[in-house]
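The values are calculated or read from the model by the stated rules, or taken from the named source; none is laboratory data. Please read all numbers here as calculations on a predicted model, not as lab measurements. Heads up, the Cβs are rebuilt from the backbone with ideal geometry, glycines too, and the neighbour counts pull from every protein chain shown. All accessible areas refer to the heavy atoms of the entire protein, side chains included, with ligands and DNA or RNA removed. Shrake-Rupley method; radii C 1.70, N 1.55, O 1.52, S 1.80 Å.
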Amino acid sequence: MQIQYNDYIIDLINDSNYTLNSADNINSYQIEYFDGTNMEDRFYPTSKHGIRIIKDDLEINSAIICEIGTGTTIHENSFVINNDTILICCADKVYSIGLPDLRLNWKNRIDPATCFGIYKFEDDFIVHGELEISRINLNGEIKWQFGARDIFVLPDGGNAFSIIDNKIHLKDWENYEYILDSNGNEI
């Protein structure tokens, strides 16, 4: 997926074939974000999201984010760009990465299972997680979280999450509906 941002093209990809510490990768990256420090610590990441910054048809920087846990993908709601920062969901975390340098500002585990999407909401962000809906600020601090009877996914693959008129509309696996106000209170 390519996004135009200021003078840059940001290319985001799912790089499921990327292998940590391998010289045989099809794609290479200047920066690698993964917490393992040596081979005993490294597990096989399930989510691998590549970011490339391109200006005037030249790649000026690249990074890959690797995480262990439930697999996530790149899609139109898996990231938000805000003030020279990209906030991107990867497994159970949200990463805040500076643009265009791809410097890590912070990362935070937001959902115990998976972060499906992130949305700009007033001066903050709403994260649609599998188990919780969270409101976070620009520093990744959780302001509130809301959990329900079941996961925020529908068995038919339908839309379980939306924001309409500053209200958060949710459905869980058993099709129970919830509406939250901006403070995370059920209406």
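Residues that are within 23 Å of L131 (Cα to Cα) and open to solvent by 30 Å² or more (accessible area, probe 1.4 Å) occur at least once in the range 77-100.
Of all residue pairs spaced 6 or more apart or on separate chains, those with beta-carbon atoms under 9 Å, a first member in the range 165-187 that is of a type in the set (K, R) and a second member that is open to solvent by less than 100 Å² (accessible area, probe 1.4 Å) and outside any loop (DSSP other than H, G, I, E, B) are K167/I179; K167/L180; K171/F161; K171/Y178. The residues of the range 71-103 that are part of a loop (DSSP other than H, G, I, E, B) and under 12 Å from the mean Cα position of the chain (by Cα), listed by number, are G71, T72, T73, I74, H75, E76, N77, S78, A91, D92. Restricting the first member to the range 9-21 and to residues that are at pLDDT 95 or above, and the second to residues that are not in a strand (DSSP E or B), the beta-carbon pairs closer than 6 Å and six or more apart or on different chains are L12/M1; L12/I74; N14/T73; N14/I74; D15/N27. Of all residues in the range 50-57, none satisfies being at pLDDT below 95, loosely packed, with under 15 Cβ neighbours inside 10 Å and out of contact with any Cys (no Cβ under 8 Å at 6 or more places or on another chain).
When I110 is tested against (1) within 30 Å of A160 (Cα to Cα); (2) without any contact (Cβ under 8 Å) to a residue 60 or more places away in the chain; (3) over 15 Å from the mean Cα position of the chain (by Cα), only condition (3) is not met.
On the stretch given as the range 128-138, residues that are in a loop (DSSP other than H, G, I, E, B) and of a type in the set (A, V, I, L, M) total 2. Evaluating S162 against the criteria (1) touching a residue at least 12 places away in the same chain (Cβ under 8 Å); (2) farther than 14 Å from D111 by Cβ leaves one unmet condition, (1). In the range 1-32, the residue that is least open to solvent (accessible area, probe 1.4 Å) out of those that are over 16 Å from E67 (Cβ atoms) and of a type in the set (D, E, K, R) is D11.
Just so you know, in the range 168-179 the residues that are not in a loop (DSSP other than H, G, I, E, B) and not hydroxyl-bearing (S, T, Y) include one that is most open to solvent (accessible area, probe 1.4 Å), and it is E177.
A count restricted to the range 128-138 and to residues that are of a type in the set (A, V, I, L, M, F, W, C), open to solvent by 20 Å² or more (accessible area, probe 1.4 Å) and under 15 Å from P112 (Cα atoms) stands at 1.
Among the residues making up the range 139-167, those that are open to solvent by less than 80 Å² (accessible area, probe 1.4 Å), closer than 15 Å to D123 by Cβ and in a loop (DSSP other than H, G, I, E, B) are G140, N166.
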